[in-house]
Amino acid sequence: MATYEKVTEYEDEPVKYCPRCLSLKIKYEELSDTEYCGDCGCSDVLEASFEDWEKKYEARYGHKFVEKGKDIRKHPIFQLTIKELKNRLYDSDNWEKVVRAMYPTFPQGYSKIDSILLFFDKLIRENQLDEFRILLTKIKL
């Protein structure tokens with residue numbers, strides 16, 4: 001079998017990935033007979049062709065998985081704790097624009113601190129913290 005045919009055959013195999021962070025590092029826990037993400041711990045695991053997964057990865061992170069280049073997860077914003085992210089947003093004059101960029105219909109009428117706490121609660125419940133961090137890598141607070 002030619003090398004090209006082996007590669008094509010390999011690429012036809014579906015991949016398992018984490019829908020939260022799009023990691024391919026899926027682990028299996030024998031004791032509970034469950035799979036989970038080795039990067040973020042999410043227990044939701046999806047399956048897709050490599051091409052479909054790579055399109056999702058590129059759309060979220062701005063580059064293909066196998067491209068050499070900067071890994072967005074090494075950006076300093078990804079090293080900040082949730083508390084540090086809250087403080088950075090609170091100290092920003094553009095905090096409302098950032099919140100609206102993530103959630104255009106975010107409720108109005110709350111105090112700044114209540115809005116930020118509600119915003120982070122929503123981010124965490126909807127697993128959007130990585131998307132928020134990606135947004136912050138593209139704008140200045």
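Readers should treat all values here as calculations from the given coordinates under stated rules, not as data from a laboratory. Keep in mind that this is a model prediction, so the values were computed, not measured. Counting neighbours? That spans all protein chains shown, and the Cβs are built from the backbone with ideal geometry, glycine included.
For Tyr36, what is the net charge nearby, where nearby means another residue's Cβ is under 15 Å from its Cβ and Lys, Arg count +1, Asp, Glu -1?
-3
What translational diffusion coefficient, to the nearest whole µm²/s, does the chain have by Stokes-Einstein, given a Kirkwood radius computed over alpha-carbon pairs, a temperature of 25 °C and 0.890 mPa s viscosity?
The Stokes-Einstein estimate is 141 µm²/s.
Give the peptides 21-34, 122-135 in descending order of average Cβ contacts within 10 Å, highest first.
Put in order of decreasing packing, that is 122-135, 21-34.
So what is the relative contact order of the range 7-69, in percent, for Cα pairs below 8 Å that sit 6 or more residues apart?
Rounded, it is 29 percent for the range 7-69.
Over all alpha-carbon pairs of the range 74-138, lay out the pair-distance distribution in 10 Å bins, whole %, shortest bin first.
The calculated distribution, bin by bin, is 20, 63, 16, 1.
Which of Tyr17, Tyr90 comes first, and how do the rest follow, when ranked by fewest Cβ neighbours within 10 Å?
The most exposed by this proxy come first: Tyr90, Tyr17.
Of the peptides 50-60, 75-85, how do they stack up when ordered by the mean number of other Cβ atoms within 10 Å, highest first?
For the peptides 50-60, 75-85, the packing ranking is 50-60, 75-85.
With the cut-off at 1.5 for a/c, could you classify the range 7-69 from its C-alpha gyration tensor as rounded, prolate or oblate?
Oblate, since a/c reaches 1.5 and b/c is not below a/b.
Can you tell me the relative contact order of the range 31-111? Whole percent, Cα pairs under 8 Å, sequence separation 6 or more.
For the range 31-111, the relative contact order is 10 percent.
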